[in-house]
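Here's the structure, in structure tokens; my notes come after.
Quick note: the coordinates plus some simple rules give every number you see, no bench work behind them. What you see is a predicted model; the values in this text were computed from it and never measured. So basically every Cβ, Gly included, is an ideal-geometry build from the backbone, and we count neighbours across all protein chains shown.
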Amino acid sequence: MTEREHLPLPQGAEIAVIGGGPAGAFFSIYAMRLAKDMGKKVRLTIFDRKTFTHQGPAGCNMCAGVVSESMVQSLAIDGINLPPSIVQRSVDSYCFHSSSGEVYIRSPYTRQRGIATTYRGGGPKGSEKTGIQSFDEFLMERAAKEGAILDRQVVDEIQLNGYKPRLCSGKKFVMEADLLVGAFGVNALTAKKFEDLGFGYTAPDTIRATQAEMPLGKDWVSEHFGNAIHVFLLNLPGVKFAAITPKGEYATISLLGKDVNQETVKAFLSHPLVQKMLPTNWKLPERFCHCFPKINVGAACKPYGHRIVIVGDAASTRLYKDGIGSAYVTGKAAAQVVSLYGIGEGDFLRHYSTVCKEINRDNLVGRFLFGANDFICGLPSLSKGYFRTLQQEQKDPSLGTPHSDMLWDMFTGSRSYRDILFQAISPRSQYTMVRGVLGALSESFNLFSTALGKG
Ligand SMILES: Cc1cc2nc3c(=O)[nH]c(=O)nc-3n(C[C@H](O)[C@H](O)[C@H](O)COP(=O)(O)OP(=O)(O)OC[C@H]3O[C@@H](n4cnc5c(N)ncnc54)[C@H](O)[C@@H]3O)c2cc1C
């Protein structure tokens, strides 16, 4: 077997991790823990120019900061407990708003911890609140505790010296690594540098998103948004997903779609279903904390090479949700492969590529499910029937809540899309859905007859 096919991590290995977001942090935490367990000495350095304690986009990895309940649970099992200074709000439900009504859905799972809303950086720009602890900085500190070295600089040049990656920053040599880990996400130009190395990596497809922080005040946020994430199924042109996440003093708007911009935010805010949740005549201030990050909606091609592995958004992530959870899955899987198998191209092909392929395959089903959800919400009679079914399930959960559970799982990432599809096509789900649609149709018919009678 050649070195390319199998190469164990050498004693005293130099590991370079480019990117200190969740994927880089999770890889580092688990790689350091496993190395210690196996009695291996490694020197692991995380490179990231960002200081996550800064306010606004400069110190933030631009996301709504929702840490899913399965993720909070997995972290707790691994001994990583999110402290109260990080959790802005503990969420126990999702509220779905549509022109056919609104419905609150609670978690169908009995878990000890709920969903956590966090700030990835030091909080919104201009925020007066101090003491906000950043989720990403917390993970960086955990990685440092495990022995990782943090180097706050950008890596702007990568070469393959023989087979060993050689890194530079600002034309200065930084290190030659035994292993290079790409955890650079989809918002930097770093992907091009990996593509140019010629080992077959291609960055995933992305779409634009926007994030805007609305300073509504703690009392308003608590009273009107409560402990729920609000998803708006409004069929706004160009918008694939719209949600408002309550935090402390702020509520975060997240819109995903084609060419979303400030005008899209304004159009969203002026929709009557959104307006009714805002103070009368409330307007976004002239200056407000917002950003236009990209979101991964595809799959990277060949996220590994000889002595190279790519994790998190830059590799594979679940479609439209739980990106932090995917960073955990890919980061931890890569750390296990590196420690238990090796760092040769063949090691990653046999033991890591399967993890990414599994996420990619499931996303194909996810794409279909989101398409079906859009289709249902776009047809008034179907949408009404669907919401009626959901409302009835929530009113009397003793009869079972299959549709609520599916919607919960689709938007929170608690289960694979494949499992959700199997549940959606089960005879029981089909039956309750048909009953709901027929109920809505007969309601519309009765209203119509009454109106005709009056006329
Ligand atoms: C609008 C929006 C809302 C979202 N909401 C959620 C949510 O609520 N919950 C959730 O789970 N996911 C959410 N996501 C997805 C989530 O943000 C990502 O999946 C997650 O951040 C991926 O982590 P990562 O570590 O792979 O990449 P990132 O978080 O993007 O981190 C990459 C890091 O690499 C650094 N870097 C890049 N190039 C270099 C270089 N050359 N040198 C040094 N450093 C470098 C960057 O500075 C950055 O810190 C959202 C995404 C968007 C766009």
query = Hey, what D do you get for segment 307-403 in µm²/s if you plug the Kirkwood alpha-carbon radius into Stokes-Einstein at 25 °C and 0.890 mPa s?
reply = 152 µm²/s
message = Run lengths n ≥ 4 of DSSP H only: what is the helix-derived mean residue ellipticity at 222 nm for the chain, with -39500 (n - 2.57) per run over all residues, to the nearest 500?
response = -12000 deg cm²/dmol
query = Which cross-chain or sequence-distant (5 or more) residues have an amide H under 5 Å from the amide H of ILE308, H modelled 1.01 Å from N in plane?
reply = LEU180
key: Å³ per residue enclosed by the Cα convex hull of segment 1-132   = 204 Å³
note = Computed on Cα atoms, the radius of gyration and Dmax of segment 138-280 in angstrom are 21.3, 65
task = Please find the FRET efficiency linking GLU141 to VAL434, where r is the Cβ-Cβ separation and R0 is fixed at 45 Å, and quote it to the nearest 0.05.
result = 0.30
Two-site label geometry, GLU223 and LEU160: point separation in nm, points 7 Å out along Cα→Cβ = 6.2 nm
request  = For GLY298, enumerate residues with amide H under 5 Å from its amide H, sequence gap 5+ or separate chain, H modeled in the peptide plane.
outcome  = ASP205
ask   = To one decimal place, what Kirkwood hydrodynamic radius in Å is obtained for segment 277-319 from all pairs of distinct Cα atoms?
value = 14.3 Å
task = May I ask you to list the aspartates and glutamates whose Cα is less than 16 Å away from that of LYS125, ignoring any residue fewer than eight positions away on the same chain?
result = GLU213, GLU249, GLU286
query = Which length gain, in nm to one decimal place, applies between ASN235 and ALA58 when the Cα-Cα distance is subtracted from 0.36 nm times their residue separation?
reply = 60.5 nm
key: Under the span-like rule (Cα at least 30 Å along the axis, Kyte-Doolittle mean at least -0.5), DSSP H helices of the chain   = 353-378, 427-454
ask   = Loop-only check: which trypsin sites (Lys or Arg not before Pro) in segment 63-116 are DSSP coil with at most 14 other Cβ within 10 angstrom?
value = ARG111
query = Where the convex hull is taken over the Cα atoms of segment 206-295, what is its projected area averaged over directions, in nm²?
reply = 5.5 nm²
message = Placing one identical point scatterer on every Cα of the chain and ignoring solvent, what is log10 I(q)/I(0) from the Debye formula at q = 0.06, 0.11, 0.12 Å⁻¹?
response = -0.28, -0.88, -1.03
note = Amide H proximity to GLU102 below 5 Å, modelled H, separation 5+ or other chain, gives none
query = Dipole of segment 206-295 (Lys/Arg Cβ +1, Asp/Glu Cβ -1, origin at the Cα centre): which of THR206, VAL231, THR264 lies farthest to the positive side?
reply = THR206
inquiry  = Need the C-alpha centroid separation for segment 284-359 versus segment 242-258, integer Å.
reply    = 24 Å
query = Given the pairs LYS266/LYS357; LYS145/LYS302; LYS258/LYS302; LYS247/LYS283, which are separated by over 30 angstrom at their Cα positions?
reply = LYS266/LYS357; LYS145/LYS302
Within the chain: Cβ-based charge dipole about Cα centre, in debye rounded to nearest 20 (Lys, Arg +1; Asp, Glu -1) = 160 debye
query = Roughly how many Å is it from the Cα centre of segment 145-200 to that of segment 366-409, as a whole number?
reply = 45 Å
remark   = Expressed in nanometres to one decimal, the distance between label points 7 Å along Cα→Cβ at LEU349 and GLN391 is 5.7 nm
